[in-house]
Amino acid sequence: MMMPQIRAGLFITLEGGEGSGKSTLLSGLARIISAEGISLVQTREPGGTVLAEAVRTLALHPPDGHHWSPIAESLLMNAARASHLEELIRPSLSNGSWVLSDRFSDSTLAYQSIGGVPIDTLRMMEAATLGETRPDITLILDAPPNELVARRQSREQALDAFEARPSSFHLAVRDRFLEIAETDPKRYIVLDALKPAEHVLAQAWAAIATLADEKEKNQ
Ligand SMILES: Nc1ncnc2c1ncn2[C@@H]1O[C@H](COP(=O)(O)OP(=O)(O)O)[C@@H](O)[C@H]1O
Ligand SMILES: [Mg+2]
């Protein structure tokens, strides 16, 4: 007798600069997806597992007076990601849950390439870490970084190692994400982060729902 096959869940990632609205969008999407009766795992990078959260602290808040080189940072992010994939993302997707992650591998491509790690090196590490597990859809929240200054300041957490960087850095982050989006226009959806949050949410959900329908038809 054939066992009924559990359909793998959708893997959705949110990307964009600091203050672009990723966490806001994540909670909006989580509300909609859960209301649809879909089992959902919400997570973030770096982080998502005990080991990866420990790496997050080490990477974003290095001991006073010390900082990681770009290559060391890239390896840390990939180490955290390997744990995240092994312990949380892959098991959840195989169970049929959807996974919604606040940042994922595209953040490493964007941030660490700005740090000076060659993109080919980053792509090699990405391939080794991800294997077959690629996001089904990646929503990129896009805006001119100077328009986001007030939003970044409105958040209560202390600035971490990335947020504290100068405006040229935030400009470069925006450009890298847009370049990444061009490599696969089907997977990457660029959203105007300056639109009201409800508008961004509606656009994001429309893209996800379309993809979910397509996937269902192709089963
Ligand atoms: N579309 C939006 N329009 C206006 N303000 C927003 C929008 N999205 C988020 N915000 C506000 O901007 C700030 C940063 O948003 P947040 O979701 O924490 O960004 P991120 O997680 O990308 O750093 C928060 O105060 C949030 O309420
Ligand atoms: Mg956030």
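I need the full set of residues from the stretch 18-34 which are in a loop (DSSP other than H, G, I, E, B) and either modelled with pLDDT under 95 or of a type in the set (A, V, I, L, M, F, W, C) (or both), in order please. Residues satisfying the conditions are 18, 19.
Let's see how each residue does on (1) at pLDDT below 95; (2) closer than 13 Å to residue 21 by Cβ; (3) assigned to a helix (DSSP H, G or I):
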| residue | (1), (2), (3) |
| --- | --- |
| 181 | no, no, yes |
| 185 | no, no, no |
| 189 | no, no, no |
| 204 | no, yes, yes |
| 214 | yes, no, yes |
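From the list 48, 9, 21, the one residue that fits, being in contact (Cβ under 8 Å) with a residue 24 or more places away in the chain, crowded, with 19+ Cβ neighbours inside 10 Å and within 12 Å of ligand 2 (Cβ to nearest atom), is 21. Against the test of being within 13 Å of residue 13 (Cβ to Cβ), away from ligand 1 (no atom under 16 Å from the Cβ), out of contact with any Lys or Arg (no Cβ under 9 Å at 6 or more places or on another chain) and not polar (S, T, N, Q), the options 100, 40, 93 yield a single qualifying residue, 93. Counting only helices (runs of 4 or more DSSP H) that sit wholly inside the stretch 61-174, those with at least 2 residues that are of a type in the set (A, V, I, L, M), open to solvent by less than 10 Å² (accessible area, probe 1.4 Å) and in contact (Cβ under 8 Å) with a residue 40 or more places away in the chain are 105-115, 119-130.
The values are calculated or read from the model by the stated rules, or taken from the named source; none is laboratory data. Every value quoted in this text rests on a predicted model; they were computed, and no experiment measured them. Virtual Cβ from ideal backbone geometry, glycine too; neighbours counted across all protein chains shown. Just so you know, the surface numbers come from the protein's heavy atoms only, side chains and all, with ligands and any DNA or RNA stripped out. Shrake-Rupley method; radii C 1.70, N 1.55, O 1.52, S 1.80 Å.
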